[in-house]
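Have a look at the structure below before the remarks.
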Amino acid sequence: MKNIYDLSIDELGEYLISIGEPKFRSGQVFSLLHKGYIVADMPNIPKSLREKLKEDFYCELPTIVTQQISKDGTQKFLLQLHDDAHVECVLMTQEYGKTICISSQVGCKMGCAFCASGRDGFVRDLSAGEILSQVLLHAKEGISNIVLMGSGEPLDNFENVKKFLELVIHKDGINIGSRHISLSTVGLPKKIREFADMGTGVNLCISIHASNDEIRSAIMPMAKRYTIAEIMDASRYYFNKTGRRVIFEYSLIDGVNCDVSHAKELAKLMTGFPNHVNLIKLNDTGAGFRAPSHDIAMKFMDTLIKSGVSCTMRKSKGDDIDGACGQLRLKKGKSL
């Protein structure tokens, strides 16, 4: 059975016409869905139509299985989907509004050594509606920013992520501007170029995590297929097509990638187009890696700044709960 949250406003219109309903209802139903109403509770929609929608579509939002609340207010949710698969999303309250971090796949194929998302392997892609439903669970709270930085590789689920973006940007839906949406990828050059050609202007974030191919290949298996040079070329293409600077994410891992020499190597990569480096001390996922000391981290950042690189040290949120991608789902799996 098709998920009603997968439908665009035009697809809803075609369906309504096919069952003898006026097309104008598509705008009403679409808007109400995207405001967080479930079909059964939709105001101003005839009961007969609500019953027909429930008969023809899967109309439920995911079930919240577990909720964790950090001392900093960050909330992490483990969600159960219609087939009993589990995904995570994180809600963060900041001075500029509420940001939700959502997943694009159940599990992950990328196999990054320091990440919990793919430790139990890859299960399946999420549909556009399943990605959207993570946002809709919190739509009534007033989401101002969306980051595709949860479990999974968004560009490995390209078509569903593409449709999700079309849904969430739509003026009759949640209507979040593309500049308030960020997509994080390990760096799939061909898909980055395709993403650029969409012309959405969504913020592109590259999880680079190393200053050279040798280190990157050791901690990120996908790096054996794509060199940093290829990723940088695709990043430049993204900027040239969209005019949006590219964000590079760099997790500082003690004894692996945070020497001053690595900072100097990284600085040489950040040339030729507008970009920014987000540094973050590794959130322990139980994989045997740990964050460097404060002094080492600050020396790394200082080296980048002195080399002319725009960068910030990102504050880790939810570090007193299972805040890193995949941790809560992994814990749930072990309890089954």
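The values are calculated or read from the model by the stated rules, or taken from the named source; none is laboratory data. Keep in mind it's a predicted model, so treat the numbers as computed, not measured. Note: ideal-geometry Cβ built from the backbone for every residue, glycine included; neighbour counts use all protein chains shown. All accessible areas refer to the heavy atoms of the entire protein, side chains included, with ligands and DNA or RNA removed. Shrake-Rupley method; radii C 1.70, N 1.55, O 1.52, S 1.80 Å.
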About the Cα centre, charge dipole magnitude for region 1-105 (Lys/Arg +1, Asp/Glu -1 at Cβ), debye: 340 debye
By average C-beta atoms within 10 angstrom, highest first, the peptides 168-179, 183-194, 88-99: 183-194, 88-99, 168-179
Relative contact order (percent, whole number), the chain, Cα cutoff 8 Å, 6+ residue spacing: 16 percent
Cα-Cα over 22 Å, subset of 109/299; 224/306; 23/162; 162/281; 98/140: 109/299; 224/306; 23/162; 162/281
Exposure rank, largest accessible area first [124, 245; 1.4 Å]: 245, 124
Sequence-distant residues sharing a close amide H with residue 252 (under 5 Å, placed H): 280, 281, 282
Charge dipole of region 114-253 about the Cα centre (unit charges at C-beta), most positive-ward option of 246, 218, 182: 246
Region 54-177 - charge dipole about Cα centre, Lys and Arg +1 at Cβ, Asp and Glu -1, debye rounded to 20: 340 debye
Total charge dipole magnitude, the chain, about the Cα centre, Cβ charges on Lys, Arg, Asp, Glu only, Debye to nearest 20: 540 debye
Inter-part distance where region 210-267 and region 55-91 are each reduced to a Cα centre, Å: 32 Å
Between helix 25-34 and the chain: long-axis angle, C-alpha atoms, 0 to 90°, nearest 10: 40 degrees
MRE, 222 nm, helices only [DSSP H, n ≥ 4, -39500 (n - 2.57), over the chain, to nearest 500]: -10000 deg cm²/dmol
(1) 31, 56, 13, 1; (2) 32, 61, 6, 0; (3) 28, 49, 20, 3, with the label sought being that of the calculated P(r) over Cα pairs in 20 Å bins from 0, in percent: (1)
Cβ-based charge dipole, region 251-305, positive-most Cα from 255, 297, 267: 267
Estimated vicinal HN-Hα couplings, Hz - region 11-20 in sequence order (Karplus 6.51, -1.76, 1.60; Gly, Pro = x): 5, 4, x, 4, 5, 4, 4, 5, 10, x
Residue 311 long-range amide H proximity, modeled H, under 5 Å: 277
